[in-house]
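These notes concern the structure reproduced below.
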Amino acid sequence: MQAVAPLVVLDDGPIRHITLSNGARRNPLSSKLISELRSVLVAAGNMPQLRVVILAAEGPAFSAGHDLAEIQAARGREDRGRAFFEALMADCAALMREIVRLPIPVIAAVEGVATAAGCQLVASCDHAISGRAARFATPGVHIGLFCSTPMVALSRNVSNKHAMEMLLSGDMIDAETAFRFGLINRVVPEGEALAEARAFAMQIASKPPATIRIGKEAFYRQRELPLDEAYAYASSVMVENMLHREAIEGIGAFMNRTKPV
């Protein structure tokens, strides 16, 4: 186990467990946390023995979003915090992009509340499982700060009208509503999100690793393309995948009714 304040990192076979460990302060996405989290994610993507990342948290909140105390402190600077705010938003956006671009899947295991940038973090993950007591919100509108950057990830996960409902109202939604909106994949009994995430992670880890990496990259690239370009790109990926040794072995084994190696 590796403790990287405010994170705990544990590699367990093919799974990297990353736990936000500042539960007493509701796991705010401070500039330090953003930097450390991005570092351990990048490292995971470069370790061939790792197949999946699970992102969880200690305490009553998954993450309450940006560290407002840190933000208010920056206002005392000569530029009223502008340089700090620009760096913070750029670093946070880089973190969210890193999750999407990571060659292995990232699963969020959510217990408690995930609000503002914390909700953005959940939306940025490839898969999300929550306990039944979890709650989600983009509440910036209540304090004069529209959740514009969380909007990017949110609007790529849920329908436009559901995203606008969350962004305009700032209201908390429960786990069942988040599931209905498409923000999370599964709702499990309270306290069981991590176990369910691990079970799904092991299922992913049993698949051919290069195939998963190829598929994740292709999924995010094609969805941003016009239809004709998406099919052209996906077709080229499919051809290269067919020539990969995993597909050669897997298809051959299927045809011969043997177990692929």
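Readers should treat all values here as calculations from the given coordinates under stated rules, not as data from a laboratory. Quantities reported herein were computed from a predicted structural model and do not represent experimental measurements. Using ideal geometry, Cβ is built from the backbone for each residue, glycine included, and neighbour counts are taken over all protein chains shown.
If one takes the longest principal axis of the Cα atoms in the chain, at what angle in degrees, from 0 to 90 and to the nearest 10, does the Cα axis of helix 209-222 lie?
With both axes taken from Cα atoms, the answer is about 60 degrees.
In terms of modelled amide H atoms, which long-range or inter-chain residues lie less than 5 Å from the amide H of C147?
Correct list: G140, V141.
At a threshold of 8 angstrom on Cα-Cα distance, excluding pairs fewer than six apart, so keeping six or more, what relative contact order does the chain reach in percent?
16 percent
How tilted is helix 31-45 with respect to the longest principal axis of the chain? Cα atoms for both, answer in degrees (0 to 90, nearest 10).
0 degrees
Any idea what the dipole of the range 209-255 comes to, in debye rounded to 20, about its Cα centre with Lys/Arg Cβ at +1 and Asp/Glu Cβ at -1?
That gives the range 209-255 a dipole magnitude of about 160 debye.
Does anyone have the angle between helix 227-242 and the longest principal axis of the chain? Alpha-carbon axes, 0 to 90°, nearest 10?
Orientation of helix 227-242: about 50 degrees from the principal axis.
Report the label-to-label distance for R80 and R101 in nanometres (one decimal), using points 7 Å from each Cα along the Cα→Cβ vector.
Distance between label points: 3.3 nm.
Over the chain, with a Gaussian network built from C-alpha contacts below 10 Å, which listed residue (A133, A61, A69) shows the highest mean-square fluctuation?
A69
Cut-off 10 angstrom, C-alpha nodes, Gaussian network model of the chain. Which of A201, A44, A73 fluctuates the most?
For the chain, modelled as a Gaussian network with Cα springs under 10 Å, the answer is A73.
Explain nothing, just the number: dipole magnitude of the range 40-161 about its Cα centre with +1 on each Lys and Arg Cβ and -1 on each Asp and Glu Cβ, in debye rounded to the nearest 20.
360 debye
Dipole magnitude of the chain about its Cα centre, charges +1 at Lys/Arg Cβ and -1 at Asp/Glu Cβ only, in debye to the nearest 20?
I would put it at about 240 debye.
Name the residues whose placed amide hydrogens come within less than 5 Å of the amide hydrogen of I107, ignoring near sequence neighbours (fewer than 5 apart) on the same chain.
Under 5 Å from the amide H of I107: V53, I54, L55.
Identify which of E36, E246, E217 has the largest mean-square fluctuation in a Gaussian network model of the chain, with springs joining Cα atoms closer than 10 Å.
Checking each option, the largest mean-square fluctuation is seen for E246.
Rank-order 126-132, 87-93, 139-145 by packing density, defined as the average count of other C-beta atoms within 10 Å over each peptide's residues, highest first.
So the order, starting with the most tightly packed, is 126-132, 87-93, 139-145.
Using +1 at the Cβ of each Lys and Arg and -1 at the Cβ of each Asp and Glu in the chain, identify which of F181, L88, V52 lies farthest towards the dipole's positive end.
Farthest towards the positive pole: V52.
Using Cα positions and a limit of under 22 Å, work out the lysines in reach of K259, with same-chain residues fewer than 8 apart set aside.
K207
Can you grab the distance from the C-alpha centre of the range 192-261 to the C-alpha centre of the range 127-183, Å, no decimals?
29 Å
Can you give the FRET efficiency for M238 and S39, using 1/(1 + (r/R0)^6), R0 = 41 Å, r = Cβ-Cβ distance, to the nearest 0.05?
0.75
Across the range 251-261, in residue order, what do the Karplus-derived ³J(HN,Hα) couplings come to in whole Hz, using 6.51 cos²θ - 1.76 cosθ + 1.60 with θ = phi - 60° and x for Gly and Pro?
Rounded to whole hertz, the list is 5, x, 5, 4, 5, 8, 6, 10, 7, x, 9.
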